[in-house]
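Undergrad: Have a look at this one.
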Amino acid sequence: MRSESKDVLAEIVSQINAGGYSDPHLEELLVQLARRLSRTKGKKVYGYLKADVKAIIDSIVDEIAKDNRISSLYDLWYKQRENVLRTYNSSLPERIPLSQNKEFKAIKNAIVQAAMDLMLDSQQNQDVAEDDVEITHGRSLSVAGTGIGMNALRLLQQTSQILQNEVRPVYQDRRVDRKLRRKINEKKQAQGLRQ
């Protein structure tokens with residue numbers, strides 16, 4: 001499973017990094033979050049935000065999780081987690097959506113950062129438009145639209161990287177104490193699993 005998972009992981013990440021991502025609903029949610037954050041005072045970190053702002057962020061995570069590459073990564077993470085849990089328990093906990101999983105709070109903070117970058121890009125585009133009178137209103141909007149799309153793509157790549165980092169440690173830790181390995185194998189045998 002490790003080598004198969006590694007291949008799947010590499011393929012998914014290369015697809016995401018290749019680009020070609022467009023989701024108007026995600027872009028709209030990012031703009032809505034950026035506007036809301038521009039009126040928010042205090043720390044711009046998920047844990048410190050109000051419930052209505054957190055709801056927008058959660059809906060963005062849900063939208064990102066709809067991407068089949070991200071859902072494949074999340075499924076791979078769950079399969080590895082469940083393999084570990086099977087060693088110790090006969091029953092597995094119910095799977096929860098990515099937006100409700102507390103282990104991936106980094107994704108939510110990456111969304112906040114992407115919205116902040118979007119606000120910064122928007123302000124820079126307004127400054128350029130004010131300085132250069134010859135730029136038409138329609139053209140400055142298309143530049144802003146391109147920035148939203150790039151932020152959405154960057155956000156998808158960051159989500160992929162966060163999930164990849166959570167899956168990867170299983171491959172890197174190949175050394176297991178002999179006594180621990182024996183205990184694990186005994187538990188697996190008791191549950192009727194192959195070694």
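The values are calculated or read from the model by the stated rules, or taken from the named source; none is laboratory data. Being a predicted model, the structure only gives us computed values, none of them experimental. Heads up, the Cβs are rebuilt from the backbone with ideal geometry, glycines too, and the neighbour counts pull from every protein chain shown.
Undergrad: Output the residues belonging to the range 38-67 that are in contact (Cβ under 8 Å) with a residue 12 or more places away in the chain and more than 24 Å from L163 (Cβ to Cβ).
TA: Passing the criteria: S38, T40, D52.
Undergrad: Do we find that N68 is surrounded by fewer than 15 Cβ atoms within 10 Å (Cβ to Cβ), touching a Ser or Thr at 6+ places or on another chain (Cβ under 8 Å), closer than 21 Å to L155 by Cβ and at pLDDT below 90 in this structure?
TA: So N68 does not fit the description; no.
Undergrad: Determine, yes or no, whether D75 is of a type in the set (D, E), under 20 Å from A152 (Cβ atoms) and either part of a helix (DSSP H, G or I) or at pLDDT 90 or above (or both).
TA: No: the conditions fail for D75.
Undergrad: Shifting gears a bit: If you check every pair at least six apart or on different chains, which have Cβ atoms under 8 Å apart with a residue in the range 83-102 that is farther than 17 Å from D67 by Cβ first and a residue that is of a type in the set (S, T, Y) and in a helix (DSSP H, G or I) second?
TA: R95/Y78
Undergrad: Considering only the range 28-83, state which residues are more than 22 Å from E94 (Cα to Cα) and of a type in the set (D, E, K, R).
TA: E28, R35, R36, R39, K41, K43, K44, K50, D52, K54, listed by residue number.
Undergrad: Can you tell me which residues in the range 93-102 are farther than 22 Å from A152 by Cβ and either surrounded by 12 or more Cβ atoms within 10 Å (Cβ to Cβ) or at pLDDT 90 or above (or both)?
TA: Answer for the range 93-102, where residues must be farther than 22 Å from A152 by Cβ and either surrounded by 12 or more Cβ atoms within 10 Å (Cβ to Cβ) or at pLDDT 90 or above (or both): E94, R95, I96, K102.
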